[in-house]
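Participant: Starting off with a structure, shown below.
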Amino acid sequence: MNTLIVPFHDWRKIILEGSRTRDAHFIETFRKKNNDITVVVNRPTTALEINLKRKPNLINHKVILKKGGFKLYQIDAKFYVIDFVSTKLISQVTGKYLWFVEQYGHKKYIDFITEALKVLKIENEYCLLNQNIFAFKLTQALKPACSVFDAWDNFLKFDVYKSIEKTIEQGYKAYGESCDFWITNSQDNIESFQEPFNPNQLFLIKNGVDLKRFVNGENSNIPADLKEIPKPIVGFGGKITHLLDVNLINDTMKQAESASFVFVGQILNKEVFNAIHKLPNFYYLGDKHYDEYPNYVKNFDICIVPYVIDEAKKSGANSIKVYEYLATNKKVIGTNSNGLEDLRDYLYIINNSEGFTAEISNIDNEKLKLDITEHSWQYKFEQLNSILRDYI
């Protein structure tokens, strides 16, 4: 079926970093598996943002339709991207997150999207999958055959969005009123969203893993910056945010001084990163493109997910990295947080540094092996498609 996807992340960012987020994985899978047309509505941006983040000329494809700062690109035979480069430079800086809310509701952007769908001859025959909490005005304005909101991580639990909490609530309420159903990635989110926002129906579709990259990929060479690091390597691959339990990490590194602790990923919270003790056995290797990242996981001896367990600090997440870890059959140690408790038969759940240290001393994995095929992104795509077909 024809599908219009509104991701949270910018398409240029996805090109630059690889398809490593939930929205990017869904886009990649729809692009490969959808027999009909898939259209991505890109996050509004400005020329200044594009240049500052080193993302010029990344969308270098045939332009099917153009009006001012709006363009419809054809990426391949059945995959298109609608892009909006605004001239409102100052208002983007001053408005911050609220700027995106207003731009997604911009009448000219909505009109252009509608015209683009007509050009593609799908204006009355498409499903809308909105994965962006800031794009609720767009969902309210469009008239798809079926409207879906992907309520992944609970944005009301992120400190970075505290100043616009009322707008976030407004968005969730709008999606509750205007969407045929929601999907979400964790049981925690179902409990958090059901009563206050009353979606028509709420389905659980957890995160998944890219089998081609983590299971079937032939390239598993040791990355150059891992070669000289002493084993055993205890690895974490993911964003450095408020979700990390810094005290647990610091205490474990101090106790397990014979192990090397390797962190790979973006630093989104500098305070958290600075709070991690830079002991001799700590190694931060920077961020890696998603095509390179699997080689790091495959060369870890033990994989960890040292997340906070405080209910007030959890984000309602279902960590993608855990499925990626498990796909490589590594020993995985994590805390009782962010969906790990649902996988307790396949990994070690421990909430203190003494327990972490004890398990790190032995790389043997005595847990059950997860049937990873039921956690592939293709399987998640088929789950969503099955629900969509019932509604259509």
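The values are calculated or read from the model by the stated rules, or taken from the named source; none is laboratory data. Computed from a predicted structure; not experimentally measured. So basically every Cβ, Gly included, is an ideal-geometry build from the backbone, and we count neighbours across all protein chains shown. Accessible surface areas use protein heavy atoms only, side chains included; no ligands, DNA or RNA. Shrake-Rupley method; radii C 1.70, N 1.55, O 1.52, S 1.80 Å.
Participant: Within segment 336-392, can you find the residues that are under 21 Å from Asp23 (Cβ atoms) and hydroxyl-bearing (Ser, Thr, Tyr)?
Facilitator: Once the filter is applied, which keeps residues that are under 21 Å from Asp23 (Cβ atoms) and hydroxyl-bearing (Ser, Thr, Tyr), segment 336-392 yields Ser376, Tyr379, Ser386, Tyr391.
Participant: Looking at (1) touching a Pro at 6+ places or on another chain (Cβ under 7 Å); (2) open to solvent by 10 Å² or more (accessible area, probe 1.4 Å); (3) at pLDDT below 95, can you tell me which one Thr335 breaks?
Facilitator: (2)
One line per residue, one yes/no per condition, for (1) over 25 Å from Lys157 (Cβ atoms); (2) touching a residue at least 40 places away in the same chain (Cβ under 8 Å); (3) among the basic types (Lys, Arg):
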residue: Ile276; (1), (2), (3): no, no, no
residue: Asp291; (1), (2), (3): yes, yes, no
residue: Gly339; (1), (2), (3): no, yes, no
residue: Tyr346; (1), (2), (3): yes, no, no
residue: Gly355; (1), (2), (3): yes, no, no
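Participant: Report, ordered by the first and then the second residue, all pairs with beta carbons closer than 9 Å, sequence separation of six or more or different chains, a first member in segment 357-369 that is within 20 Å of Asp345 (Cβ to Cβ) and open to solvent by 70 Å² or more (accessible area, probe 1.4 Å), and a second member that is at pLDDT below 95 and among the basic types (Lys, Arg).
Facilitator: Ile363/Lys330; Lys367/Arg344
Participant: Moving on to the next point. Among the residues of segment 243-256, are any touching a Gly at 6+ places or on another chain (Cβ under 7 Å) and either within 26 Å of Lys288 (Cα to Cα) or part of a loop (DSSP other than H, G, I, E, B) (or both)?
Facilitator: So far as segment 243-256 goes, no, none of its residues is touching a Gly at 6+ places or on another chain (Cβ under 7 Å) and either within 26 Å of Lys288 (Cα to Cα) or part of a loop (DSSP other than H, G, I, E, B) (or both).
Participant: Tell me whether segment 14-25 contains one or more residues that are in a helix (DSSP H, G or I) and touching a Ser or Thr at 6+ places or on another chain (Cβ under 6 Å).
Facilitator: Yes, segment 14-25 has at least one match.
Participant: Exactly one condition in (1) assigned to a helix (DSSP H, G or I); (2) farther than 18 Å from Asn185 by Cβ; (3) touching a Lys or Arg at 6+ places or on another chain (Cβ under 9 Å) is not met by Glu366; state its number.
Facilitator: Among (1) assigned to a helix (DSSP H, G or I); (2) farther than 18 Å from Asn185 by Cβ; (3) touching a Lys or Arg at 6+ places or on another chain (Cβ under 9 Å), Glu366 violates only (1).
Per-residue answers, yes or no, for (1) within 27 Å of Asn352 (Cα to Cα); (2) at pLDDT below 95:
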position: Asn185; (1), (2): yes, yes
position: Asn219; (1), (2): no, yes
position: Ile222; (1), (2): no, yes
position: Ser258; (1), (2): yes, no
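Participant: If Asn198 satisfies every condition in (1) at negative phi; (2) touching a helix residue (DSSP H, G or I) at 6+ places or on another chain (Cβ under 7 Å) but one, which is the exception?
Facilitator: That leaves (1) as the condition not met.
Participant: With the condition kept exactly as written, say whether any residue in segment 312-322 is farther than 25 Å from Ser258 by Cα, crowded, with 20+ Cβ neighbours inside 10 Å and at pLDDT 95 or above.
Facilitator: no
Participant: Just to be sure before I move on: is Phe100 within 24 Å of the chain's Cα centre (by Cα) and among the aromatic types (Phe, Trp, Tyr) in the structure I sent?
Facilitator: Numbers: within 24 Å of the chain's Cα centre (by Cα): yes; among the aromatic types (Phe, Trp, Tyr): yes.
For Phe100, the condition - within 24 Å of the chain's Cα centre (by Cα) and among the aromatic types (Phe, Trp, Tyr) - is met.
Rundown of residues vs (1) among the aliphatic types (A, V, I, L, M); (2) under 19 Å from the mean Cα position of the chain (by Cα); (3) part of a helix (DSSP H, G or I), yes/no style:
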| site | (1), (2), (3) |
| --- | --- |
| Phe273 | no, no, yes |
| Asn295 | no, no, yes |
| Asn318 | no, yes, no |
| Tyr325 | no, yes, yes |
| Asn329 | no, no, no |
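Participant: If I filter segment 304-317 for residues that are within 23 Å of Lys13 (Cα to Cα) and free of Cβ contacts under 8 Å to residues at least 60 places away in the same chain, do I get at least one hit?
Facilitator: No: segment 304-317 contains no residue that is within 23 Å of Lys13 (Cα to Cα) and free of Cβ contacts under 8 Å to residues at least 60 places away in the same chain.
Participant: Does any residue of segment 112-135 turn out to be over 21 Å from Tyr80 (Cα atoms) and among the aromatic types (Phe, Trp, Tyr)?
Facilitator: Checking segment 112-135: at least one residue is over 21 Å from Tyr80 (Cα atoms) and among the aromatic types (Phe, Trp, Tyr).
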